[in-house]
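J.: Attaching a single structure in structure tokens format; questions to follow.
The values are calculated or read from the model by the stated rules, or taken from the named source; none is laboratory data. Since this is a predicted model, take the numbers as computed values, not measurements. Note that each Cβ is placed from the backbone with ideal geometry, even for glycine, and that neighbours are counted across all protein chains shown. Areas reflect the complete protein model, heavy atoms only, side chains present, ligands, DNA and RNA absent. Shrake-Rupley method; radii C 1.70, N 1.55, O 1.52, S 1.80 Å.
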Amino acid sequence: MSAKVIDGKEVAGEVVETVKAATAKLMADTGVVPGIAVVIVGEDPASQVYVRSKGKRATECGFHSVTHIMPEETSEADLLAMVQTLNDDEMIDGILVQLPLPKHIDEGKVIQMIAPEKDVDGFHFINVGKLGTGETDTAFVPCTPAGSMVLLKKALGTSDLSGLNAVVVGRSNIVGKPMMNLLLSANATVTIAHSRTKDLPALCKTADILVAAVGRPEMIKADWVKPGACIIDVGINRIDAPEKGEGKTRLVGDVAYAESAEVAGSITPVPGGVGPMTIAMLMANTLESACRRAGVEAPTY
Ligand code: NDP
């Protein structure tokens with residue numbers, strides 16, 4: 001069997017087109033312009049790349065977009081004050097503080113300072129709690145699992161996962177746990193696995209839907225995969241690629257892609273799978289926040 005490749009770049013493009021059109025309509029009908037603020041502290045090069053692409057996407061969507069670049073030595077109090085200013089700013093619907101923060105700042109404190117109704121990353125306890133209790137209509141769902149669900153539903157051609165076994169490998173707060181809740185809300189039967197799970201290969205082999213969010217390059221092998229399964233590979237790992245030349249590297253997922261694609265029914269590639277969906281869903285969440293402010297229905301994806 002050769003799996004269908006789930007093209008995250010293409011689906012992310014479709015999400016952004018929907019956001020663009022809905023933004024134009026929102027502005028025409030109500031005068032509300034979605035506003036997003038991204039705050040970055042310090043000079044981590046990877047974070048700067050992410051922040052630039054978020055700003056670019058936001059502008060492309062027709063949003064009011066601001067980026068606050070704060071120096072590495074910014075105090076926790078000053079960052080909290082910045083978040084408060086953005087909470088109070090009527091032009092801003094979504095606030096995103098780029099992680100990781102410098103070590104002297106308590107990330108948890110900063111996240112909990114963001115007004116839940118502007119927490120488009122979905123990390124505030126209120127949004128985590130809403131997702132956990134099935135209040136998905138008013139929660140903000142973290143962007144990576146939200147994007148993974150969009151890909152999964154496209155690949156399977158249904159949003160009802162009744163009767164399907166899902167295994168999520170990884171139990172982080174930003175990917176594994178919210179993914180578990182989303183799958184459960186969609187009626188899948190869900191098992192969440194982690195580093196203490198016994199006989200992970202056998203467990204994975206029971207999965208009609210296999211989500212890998214581990215951070216270990218190509219850990220999941222073809223003989224862990226149930227024939228015909230849908231694989232969502234969230235992992236992004238940089239490994240050495242001597243075949244490309246000395247000192248060169250390449251990105252791989254948590255799943256051994258080529259061999260697993262021979263067994264699976266559908267699979268997301270890395271790069272080009274879940275990755276592009278994350279920023280697209282950030283735009284979708286920001287639009288949703290603005291729609292709530294305007295009292296109109298937001299699009300679904
Ligand atoms: P974390 O490091 O927070 O969590 C990793 C999880 O994997 C933990 O629950 C851990 O178990 C589990 N794990 C580690 N080793 C094993 C093992 N040998 N067997 C089974 N489980 C194991 O990672 P994140 O959730 O933040 O990220 C996971 C991956 O997804 C990373 O590659 C990251 O780069 C990528 N990512 C991609 C995004 C995207 O936009 N596509 C966004 C966010 C993340 P335990 O809890 O027991 O320690």
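J.: What are the aspartates and glutamates whose alpha-carbon lies under 16 Å from the alpha-carbon of Lys154, with same-chain residues fewer than 8 places away excluded?
T.: In chain and number order, the partners are Asp7, Glu10, Glu14, Asp208, Asp233.
J.: Straight-line reach from Lys205: which aspartates and glutamates fall under 14 Å, measuring Cα to Cα and dropping same-chain residues less than 8 apart?
T.: Partners within reach: Asp223.
J.: Still on this structure, I have one more. In a Gaussian network model over the chain where Cα atoms closer than 10 Å are linked, find which of Glu117, Glu243, Glu135 has the largest mean-square fluctuation.
T.: Glu243
J.: Ignoring ligands, DNA and RNA, what accessible area per residue does the chain give at 1.4 Å, in Å²?
T.: 47 Å²
J.: With every protein chain kept in the model, how would you rank His124, His68, His104 by accessible area, 1.4 Å probe, largest at the top?
T.: So the residues, ranked largest to smallest area, are His104, His68, His124.
J.: Let me have the 222 nm mean residue ellipticity of the chain computed from DSSP H runs of 4+ only, each contributing -39500 (n - 2.57), with the sum over all residues rounded to the nearest 500.
T.: -12500 deg cm²/dmol
J.: Mind giving me the FRET efficiency for Asp78 and Lys153? R0 is 45 Å, r the Cβ-Cβ distance, nearest 0.05 is fine.
T.: 0.60
J.: Then there's this: Subtracting the Cα-Cα distance from 0.36 nm times the residue separation, let me have the gained length for Ser2 to Ala258 in nm, one decimal.
T.: Extending this stretch completely gives an extra 91.2 nm.
J.: Could you work out what % of the accessible surface of segment 172-282 is carbon and sulfur, using a 1.4 angstrom probe and leaving DNA, RNA and ligands out of the count?
T.: Working: 2710 of 5050 Å².
That share works out to 54 percent.
J.: Please enumerate, by chain and number, the lysines with C-alpha under 20 Å from the C-alpha of Lys54, excluding those fewer than 8 residues away in the same chain.
T.: By straight Cα distance, Lys54 reaches Lys9, Lys20, Lys118.
J.: Percent of accessible area on segment 30-115 owned by carbon and sulfur, 1.4 Å probe?
T.: On the way: 2420 of 4220 Å².
The computed percentage sits at 57.
J.: OK, next. With N set to the number of residues, divide the alpha-carbon radius of gyration of the chain by 2.2 N^0.38 Å and report two decimals.
T.: In units of the 2.2 N^0.38 Å rule of thumb, it is 1.01.
J.: Among Thr158, Thr286, Thr268, determine the one that fluctuates most according to a GNM of the chain built with springs between C-alpha atoms less than 10 Å apart.
T.: Thr158
J.: Springs between alpha-carbon atoms under 10 Å, Gaussian network over the chain: tell me which of Ile36, Ile114, Ile69 tops the mean-square fluctuations.
T.: The residue that fluctuates most here is Ile69.
J.: Could I ask something else about it? Which longest run of the chain has no exposed loop site in it, a site being trypsin sites (Lys or Arg not before Pro) in a DSSP loop with at most 13 other beta carbons within 10 Å, and the site itself not part of the run?
T.: Longest gap between qualifying sites, sites excluded: 1-102.
J.: Once you have a ≥ b ≥ c as the square roots of the Cα gyration tensor eigenvalues for segment 48-93, tell me rounded if a/c is under 1.5, and otherwise prolate or oblate according to whether a/b is larger than b/c.
T.: Oblate shape, in that a/c is at least 1.5 and b/c is the bigger or equal ratio.
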